[in-house]
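The values are calculated or read from the model by the stated rules, or taken from the named source; none is laboratory data. As the structure is a computational prediction, the values presented were derived from the model and not from experiment. Because the Cβ atoms are built from the backbone with ideal geometry, glycine has one as well, and the counts that use them run over all protein chains shown.
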Amino acid sequence: MVSEKIDKTAGEFVEMKKVYVCSPLSSDDPEKMISNGERALMYCRFVYDQGCNPFAPHTYYPLFLDEECKKERAAGLKMAMEWMWAFQELWVFGETISDGMREEIEMAKLLSIKVKYFYEDMEEIKIERRYI
């Protein structure tokens, strides 16, 4: 199924860039975990507002998987990784990179998917690349 949006000026459908949203979820503090989930939804809205199609598996899988169960948490991460090939970009939000996020970033790089980094306030982090 092709993700589409309506180009309001022309009234035509255009394919949207698919963006995998990568941000922290897990926390020992239940309130922090809820806050992280809410932030992930906010990041999805930001991605959408940029004209892209967001996918944040950590907003979906915890609806039926137990984040506290190591086996189910690992299954959720594995299922999310199986979708990775379908995305043009992975956007990383926040300065904290969890172990799960690190795995997602490594998988994206392995698949040659462009990775972009953002602060929690959704300002893009411009990373200079210098070669010696």
* **Selection count, the range 86-99, where residues are under 13 Å from the mean Cα position of the chain (by Cα) and either exposed (fewer than 15 other Cβ atoms within 10 Å of the Cβ) or within 18 Å of residue 15 (Cα to Cα) (or both)** => 5
* What is the one condition in (1) at pLDDT 95 or above; (2) over 19 Å from residue 45 (Cα atoms); (3) surrounded by 15 or more Cβ atoms within 10 Å (Cβ to Cβ) that residue 117 does not satisfy? -> (2)
* To do: Restricting attention to the range 48-58, report how many residues are in a helix (DSSP H, G or I) and either under 12 Å from residue 89 (Cα atoms) or free of Cβ contacts under 8 Å to residues at least 24 places away in the same chain (or both).
  => 2
* Being over 26 Å from residue 78 (Cβ atoms) and either buried (at least 21 other Cβ atoms within 10 Å of the Cβ) or within 10 Å of the chain's Cα centre (by Cα) (or both) is the filter here, so list the residues in the range 47-61 that pass it. => none
* Which condition number does residue 71 fail, the rest of (1) part of a strand (DSSP E or B); (2) more than 21 Å from residue 17 (Cα to Cα); (3) of a type in the set (Lys, Arg) being met? -> (1)
* In this structure, does residue 73 turn out to be at pLDDT below 90 and charged (D, E, K, R)? -> yes
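Here is a list: 37, 100. Which entry is among the small types (Gly, Ala, Ser) and touching a residue at least 40 places away in the same chain (Cβ under 8 Å)?
Only one candidate passes the filter, namely 100.
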* Asked: Right, residue 44: modelled with pLDDT of 95 or more, surrounded by 17 or more Cβ atoms within 10 Å (Cβ to Cβ), under 25 Å from residue 14 (Cβ atoms) and out of contact with any helix residue (DSSP H, G or I) (no Cβ under 9 Å at 6 or more places or on another chain) or not?
  -> no
* Asked: Restricting to the range 1-38, what's the tally of residues that are of a type in the set (Lys, Arg) and at pLDDT 95 or above?
  -> 2
* **Evaluation of residue 63 against (1) among the aliphatic types (A, V, I, L, M); (2) touching a residue at least 12 places away in the same chain (Cβ under 8 Å); (3) under 24 Å from residue 33 (Cα atoms) (one fails), failing number** => (2)
